[in-house]
Amino acid sequence: MNEPSLQLQPHDKDLGGGFKVRRLLPAARRRSVGPFVFFDHFGPATETPGNGHDVRPHPHIGLATVTYLFEGAMMHRDSLGVVQEIRPGAINWMTAGRGIVHSERKPEHLLDATYVNHGLQLWAALPVAHEEVEPSFTHTAAEEIPSVEREGAAVRVLVGEAFGARSPVKTFSNTLYLDLALPAGARFELPALAEEMALYSVDGALRLDGVPVAQHTMATLPAGRGGVIGTDGAVRAVVIGGEPLDGPRYITWNFVSSRRERILQAGEDWAAQRMGHVPGETEFIPLPGHPFQVQVPPDTGSTPK
């Protein structure tokens, strides 16, 4: 059964050098919205020469990572041999399936540059029937993402379909992801575009059905219902959602699965370095201990890192 409307506050983590990550999902009061089981908002953070926030090679199973930048750049590399610079406005959808390893680093041409990194990374749990698909990576450039004007707001349809526009990004289940640029004094009617939906305020306060929603807060909508968004100043916001998950998911470290034993197997595979390697990368992140010890099964309360 879907949970009632509520507001989720971020759990902040400072990675150093002013680089802050705000985690909204998973939360104790709401584990998922549509297929999305993970929602991180990072930055804005200024990158300077000699100061990087590289993400070393790490594994995933059972999910798709969805990376979207407002500003900046990062270089994606994975065990399939894909090398792709992620730029603002593009959608980068990596299907982990049965297993993939990837890294995200500062692009070489920006090593001596000063610039701002700011964006979102989401995880979409794959339907049970597709949890073990072959891994893949798809880059959809910014100019391929459809944009529409609606009630004075600019709407980019990143994933899914809305207001007569359809994103070219292919998904495994009904999925919705919108980027809204709302003008000052907006009154924007958000229809019920998916069975489950949530609104996240990126850079300013807004209202949902007259209820204040602070900056960096996620407000869920009642199941199967839309709402009216209001603003005083100009605000950027995103909408996520889709059809409910087809069963509970276990989330442990970087792994998502409908089966406890699959999480444990992935841990064993990573420890034995059987999940593949990113070409040209030599760093290895050791497997965390608990709950990967065989006698301690993973649980849904674990937090990804």
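Within region 95-104, the set of residues being of a type outside the set (A, V, I, L, M) and part of a loop (DSSP other than H, G, I, E, B) comprises GLY97, ARG98, GLY99. From the list LEU190, LEU158, LEU180, LEU206, the lone residue that is of a type outside the set (Lys, Arg), closer than 30 Å to ILE100 by Cα and buried (at least 21 other Cβ atoms within 10 Å of the Cβ) is LEU158. Is it the case that region 239-255 has a residue that's over 21 Å from ALA96 (Cβ atoms), more than 22 Å from the chain's Cα centre (by Cα), modelled with pLDDT of 95 or more and not small (Gly, Ala, Ser)? Within region 239-255, not a single residue is over 21 Å from ALA96 (Cβ atoms), more than 22 Å from the chain's Cα centre (by Cα), modelled with pLDDT of 95 or more and not small (Gly, Ala, Ser). Please work out if THR217 is within 23 Å of ASP40 (Cα to Cα) and among the β-branched types (Val, Ile, Thr). Here the answer is yes, as THR217 does meet what is asked. When the residues of region 275-288 are narrowed to those that are free of Cβ contacts under 8 Å to residues at least 40 places away in the same chain and surrounded by 11 or more Cβ atoms within 10 Å (Cβ to Cβ), which ends up nearest to ALA96 (Cα to Cα)? That would be LEU287. Consider only pairs whose beta carbons are under 9 Å apart and that are at least six residues apart or on different chains; among these, list those whose first residue lies in region 106-121 and is without any contact (Cβ under 8 Å) to a residue 24 or more places away in the chain and whose second residue is in a strand (DSSP E or B). Listed by first residue and then by second, the contacts come to HIS109/GLU85.
Here VAL55 does not qualify as modelled with pLDDT of 95 or more and within 19 Å of the chain's Cα centre (by Cα). With the structure loaded, tell me whether GLY119 is small (Gly, Ala, Ser), surrounded by fewer than 22 Cβ atoms within 10 Å (Cβ to Cβ), modelled with pLDDT under 95 and touching a His at 6+ places or on another chain (Cβ under 9 Å) or whether it fails that test. In short, no. Within region 259-270, residues that are surrounded by 15 or more Cβ atoms within 10 Å (Cβ to Cβ) have Cβ atoms under 6 Å from residues that are hydroxyl-bearing (Ser, Thr, Tyr) in these pairs: ARG260/TYR250; ILE263/TYR250; ILE263/THR252; ILE263/SER257, counting only partners at least 6 apart in sequence or on another chain. Note on region 220-230: residues that are surrounded by 18 or more Cβ atoms within 10 Å (Cβ to Cβ), of a type outside the set (A, V, I, L, M, F, W, C) and more than 21 Å from the chain's Cα centre (by Cα) total 2. Annotation: PRO35 fulfils all but one of (1) under 27 Å from LEU178 (Cβ atoms); (2) out of contact with any Asp or Glu (no Cβ under 8 Å at 6 or more places or on another chain); the unmet one is (2).
Scanning region 231-258 for residues that are out of contact with any helix residue (DSSP H, G or I) (no Cβ under 9 Å at 6 or more places or on another chain) and surrounded by fewer than 19 Cβ atoms within 10 Å (Cβ to Cβ) gives ASP232, GLY233, ALA234, ARG236, GLU243, PRO244, PRO248. A count restricted to region 152-195 and to residues that are over 20 Å from THR220 (Cβ atoms), touching a residue at least 40 places away in the same chain (Cβ under 8 Å) and not basic (Lys, Arg) stands at 9.
Restricting GLU131, GLU85, GLU71 to those that are of a type in the set (Asp, Glu) and over 23 Å from ASN254 (Cβ atoms) reduces the list to GLU71. Quick one: is ALA129 under 15 Å from TYR68 (Cα atoms), surrounded by fewer than 18 Cβ atoms within 10 Å (Cβ to Cβ) and modelled with pLDDT of 95 or more? Judged against the criteria, ALA129 is not a match.
Could you list, in sequence order, all residues of region 105-132 that are in a helix (DSSP H, G or I) and of a type in the set (A, V, I, L, M, F, W, C)?
Matches in region 105-132: LEU110, VAL128, ALA129.
Applying a threshold of 6 Å to beta carbon distances and a minimum spacing of six or more residues, or different chains, the list of pairs starting in region 133-151 at a residue that is assigned to a helix (DSSP H, G or I) and ending at one that is surrounded by 15 or more Cβ atoms within 10 Å (Cβ to Cβ) reads ALA142/GLY89; ALA142/ALA90.
Counted as qualifying within region 164-263 are the strands (runs of 3 or more DSSP E) with 1 or more residues that are under 19 Å from ALA125 (Cα atoms), namely 175-182, 196-201, 218-220, 235-242, 250-252, 255-257.
The values are calculated or read from the model by the stated rules, or taken from the named source; none is laboratory data. Source: prediction; values computed, not measured. Positions of Cβ are generated from backbone atoms using ideal geometry, with glycine treated the same way; all protein chains shown enter the neighbour counts.
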